[in-house]
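Here, each number is a calculation from the coordinates, and none is a lab measurement. Predicted, not measured: the structure shown is a model, and the values here were computed from it. Cβ placement follows ideal geometry from the backbone for every residue including glycine, while neighbour counts extend to all protein chains displayed.
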Amino acid sequence: MKGMCRGEDEGMRGKYQPDTSKLLPQSSYLKPDNSYLIEKLKTMKIEVYAVLKEYFEKEFTLSKSFKDINDLRNFLIDSNPKASGVLNISRFAVDNEFVDNNYSLKENDNISIMPPSSGG
């Protein structure tokens, strides 16, 4: 029906109440100076190429912090052990520049993972 939310029927209009039992008390959202604390979601955009697309989505985001490239690589191997052989020989780039395995990652980095390739 026009003007109704998905899943809403005539008898439910205006009766929806969100479950607030899992929310923190409002004071938990305040910093000591009484300003609101808004935590930014830390995400990394990951893009994989070539054979890695058989193991992962071509592009995906991770909402997790990683110390460095090695830490990210180990996380991906734990996520999909079948990809370990390819991940262990792949090169990683951050914001379109190749980096070494000890490169420190920051939130919102854009990471590309490129396995070795050959062609003809």
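Averaging over all projection directions, the Cα-based convex hull of the range 44-114 occupies 4.0 nm² in the image plane.
Amide hydrogen proximity for ILE46: with H placed 1.01 Å from N in the peptide plane, the residues at 5 or more positions away or on another chain lying under 5 Å are PHE60, THR61, LEU62, ILE111. The phi torsions of the range 56-65, fed into the Karplus equation with coefficients 6.51, -1.76 and 1.60 and a -60° offset, translate into couplings of 9, 4, 4, 9, 7, 10, 10, 9, 8, 8 Hz, rounded to whole numbers, with Gly and Pro shown as x. Phi-derived couplings, Karplus 6.51 cos²θ - 1.76 cosθ + 1.60 at θ = phi - 60°, listed residue by residue for the range 89-97: 10, 8, 9, 10, 10, 10, 6, 6, 10 Hz, with x used for Gly and Pro. A crude spin-label estimate for the pair TYR55 and LYS82, with each label 7 Å from Cα along the Cβ direction, gives 1.1 nm.
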